[in-house]
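Here's the structure we're looking at; comments come further down.
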Amino acid sequence: MYQKIMVPVDLAHQDRLSKALDTAADLAKHYGGSLHFVGVTTGTPSEVAHTPAEYAEKLKAFAEAEGAKRGLTADSKAYTSHDPAVDLSEKLLQAIDDSGCDLVVMASHLPGLPEHVFASHAGAVASHTGVSVFVVR
């Protein structure tokens, strides 16, 4: 049913991704699919990487490690944005189109006051794509 599962990751918060990573891996194993990790970075130095190329290498290493750890085929693609916090939903929608994935498994957080004012990225992605989106808290 699901052949290519896209998993957006924030390399600055890898410690918060375990449930989403486990869920995506379980679904990929169940359906014989692969994982496609996507990250969005800025063009300026950040706490994760000094350049977009360095970020892409770190994301690739993350994907390879996750794939090996879970016995799955995994790849990655990094996207660059002037302001990832603002452009994240748009970049994830672009990644869905670019990758040809048929499922997105996204980590989320418990909703709070900001979610009553600002739309969530997971909600925006689910509202504007034709593929299934599984939001994991």
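For the stretch 1-76, the list of GluC sites (Glu not before Pro) that fall in a loop by DSSP and count at most 14 other C-beta atoms within 10 angstrom reads GLU47. DSSP finds beta bridges in the stretch 4-136, and of those with both partners inside it, around 0 percent are antiparallel. For VAL136, what is the net charge nearby, where nearby means another residue's Cβ is under 9 Å from its Cβ and Lys, Arg count +1, Asp, Glu -1? With Lys, Arg at +1 and Asp, Glu at -1, the neighbours total +1. Taking semi-axes √(5λ) of the Cα gyration tensor in Å as the quantity of interest, determine which of [x] 21, 19, 14; [y] 37, 19, 11; [z] 33, 14, 12 was computed from the displayed structure. Correct label is [x].
Placing +1 on the Cβ of every Lys and Arg and -1 on the Cβ of every Asp and Glu, with no other charges, gives the chain a dipole of roughly 380 debye about its Cα centre. Taking every alpha-carbon pair under 8 Å whose residues sit at least 6 apart, the chain reaches a relative contact order of 30 percent. Among VAL104, VAL38, VAL86, the largest mean-square fluctuation in a Gaussian network model of the chain, built with springs joining Cα atoms closer than 10 Å, belongs to VAL86.
Per-residue ellipticity at 222 nm computed for the chain from its helices equals -14000 deg cm²/dmol, with DSSP H segments shorter than 4 residues left out and the rest contributing -39,500 (n - 2.57).
We did not get these values from a lab; they are worked out from the coordinates using the rules stated. Predicted model only: the values in this text are computed from it and were never measured. All Cβ positions, even for glycine, are placed from backbone atoms using ideal geometry, and neighbour counts span all protein chains on display.
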